[in-house]
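Some notes on the structure that comes next.
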Amino acid sequence: MRSSAAGTDCVQLLTPEGERLRPAGYEDIDFTADEVRDFYRDFVLVRRIDTEATALQRQGELGIWASLLGQEAAQVGSARALRPNDFVFPTYREHGVAWCRGIDPIHLLGLFRGVDHGNWDPEEFNFGLYTIVIGAQCLHATGYAMGMMRDGAEDAVLAYFGDGASAQGDVNEALIWAGVFNTPVVFFCQNNQWAISVPLQRQSRTPLYKRAQGFGFPGIQVDGNDVFAVHAVTSRALASAREGNGPTLIEAVTYRMGAHTTNDDPSRYRIESEVEEWRLKDPIERVRVYLARSGLADQAFFDSIEEEANDLAASLRKRCVEMPDPDPTRMFSQVYAEPSPLLDQEREEYLSYLAGFEGGH
Ligand SMILES: Cc1ncc(C[n+]2csc(CCOP(=O)(O)OP(=O)(O)O)c2C)c(N)n1
């Protein structure tokens, strides 16, 4: 059984051909011309950040990069449904969400260059640090949402995770707890079909959104390459959480077009025709066609976004290669709030080790 395909319940408001749909229950959803143009701008800039970062890694300027190629609609659509006070718990691939939260992409590059651990203040942007440990952020999200609820806040938490992470104990514990305590958290699964080399049908016998029923709250499947549908579904789930109705599980059916990370070679485990099939569902192309067909944007608009993307990429590249190397002793100063004799000793030993090299490093 292949459970990767979107089912008949899957919410879609914009077809891959750029045609607007109005399915039952979503007839009233509308977007202004400015909103659609803004989605497109986000898409192009985010994709450009991603391709520039991939190129930087190939040239040895980043240690590794986890590409979001193909997942732009899932990320921008859900992130643009957030309010400033909502809090986001990301994985390591949420570059589009980070962008929508106002984080300077140079901070993402710093993390993948290995000069810091993600140099943004989570409290300033209401966007947590990237989590590499699969699924751990879902526990943090549930706990944070519980705290918000007890503080009487009328905000919500959005937790991102992948299809592979859905098999992780942490994620299931987070879902159980959130359900039982009715915490204001939305679990947003980007089902990009692959957990590195493991396909979805090796991870689940049921479509992922159907699992929500077992946890006691609603689950909904959405076309993850359709920004209108993702935005509509996430807005409703966040509103429901803010109103005290508890969690929702959203399964956004999408596809990881590139490699898992730049260390991975997907041609070893998946066939090119599958990738080709998904290329026809490209999230950016369908919004571009919709904008052009409905007369909401002209060539000058598309050109201006392209130019903005070029400028952003050039500035990112320049700032990336100019990033100073970190002070090697910094890792010792940020472990505990107070110094410790063992840490002091380790720092001294490390310093004398470094002194053994020409130039001290
Ligand atoms: C607890 C844990 N186990 C294993 C890994 C190694 N690992 C890194 S990414 C990954 C697959 C994740 O797949 P998925 O959740 O579908 O997310 P995607 O990378 O596709 O966005 C694994 C197993 C890890 N980082 N953490």
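The values are calculated or read from the model by the stated rules, or taken from the named source; none is laboratory data. Not measured: the values here are computed from a predicted model. Note that we place each Cβ from the backbone using ideal geometry, even for glycine, and neighbour counts take in every protein chain shown. The accessibility values were calculated without ligands, DNA or RNA, using every heavy atom of the protein model including side chains. Shrake-Rupley method; radii C 1.70, N 1.55, O 1.52, S 1.80 Å.
Can you name the number of the only condition in (1) under 23 Å from TRP177 (Cβ atoms); (2) touching a Gly at 6+ places or on another chain (Cβ under 9 Å); (3) away from the ligand (no atom under 15 Å from the Cβ) that THR142 fails?
Failed condition: (2).
Read through the list (1) more than 30 Å from ASN225 (Cα to Cα); (2) open to solvent by less than 80 Å² (accessible area, probe 1.4 Å), then give the number of the only condition that VAL275 fails.
With respect to (1) more than 30 Å from ASN225 (Cα to Cα); (2) open to solvent by less than 80 Å² (accessible area, probe 1.4 Å), VAL275 is out only on (1).
Can you list residue pairs whose Cβ atoms sit under 6 Å apart, with the first residue in the range 241-264 being under 16 Å from VAL198 (Cβ atoms) and the second being within 16 Å of the ligand (Cβ to nearest atom) and in a strand (DSSP E or B)? Count only pairs 6 or more apart in sequence or on different chains.
Every condition considered, the pairs that remain are ARG256/TRP194.
State all residues of the range 59-107 that are open to solvent by 20 Å² or more (accessible area, probe 1.4 Å), within 16 Å of the ligand (Cβ to nearest atom) and of a type in the set (Phe, Trp, Tyr); if no residue qualifies, say none.
Once the filter is applied, which keeps residues that are open to solvent by 20 Å² or more (accessible area, probe 1.4 Å), within 16 Å of the ligand (Cβ to nearest atom) and of a type in the set (Phe, Trp, Tyr), the range 59-107 yields PHE89, TYR92.
Name the single residue, out of those in the range 186-208 being more than 14 Å from the ligand (Cβ to nearest atom) and over 18 Å from GLN75 (Cβ atoms), that is most open to solvent (accessible area, probe 1.4 Å). Before the answer, list the steps.
First, the residues of the range 186-208 that are more than 14 Å from the ligand (Cβ to nearest atom): 186, 205-207.
Among the residues that remain, those that are also over 18 Å from GLN75 (Cβ atoms) are: 205-207.
On the way: ARG205: 205, THR206: 62, PRO207: 39 Å².
Restricting to residues being more than 14 Å from the ligand (Cβ to nearest atom) and over 18 Å from GLN75 (Cβ atoms), the top hit is ARG205.
Give the number of residues within the range 50-96 that are of a type in the set (A, V, I, L, M, F, W, C), in contact with a Phe, Trp or Tyr (Cβ under 7 Å, 6 or more places away or on another chain) and part of a helix (DSSP H, G or I).
Qualifying residue count, the range 50-96: 2.
Taking the range 12-36 on its own, how many of its residues are more than 21 Å from the chain's Cα centre (by Cα) and assigned to a helix (DSSP H, G or I)?
2
Would you confirm, using the coordinates I've provided, whether GLY110 is part of a loop (DSSP other than H, G, I, E, B), more than 15 Å from the chain's Cα centre (by Cα) and either within 16 Å of the ligand (Cβ to nearest atom) or crowded, with 19+ Cβ neighbours inside 10 Å (or both)?
No, not satisfied.
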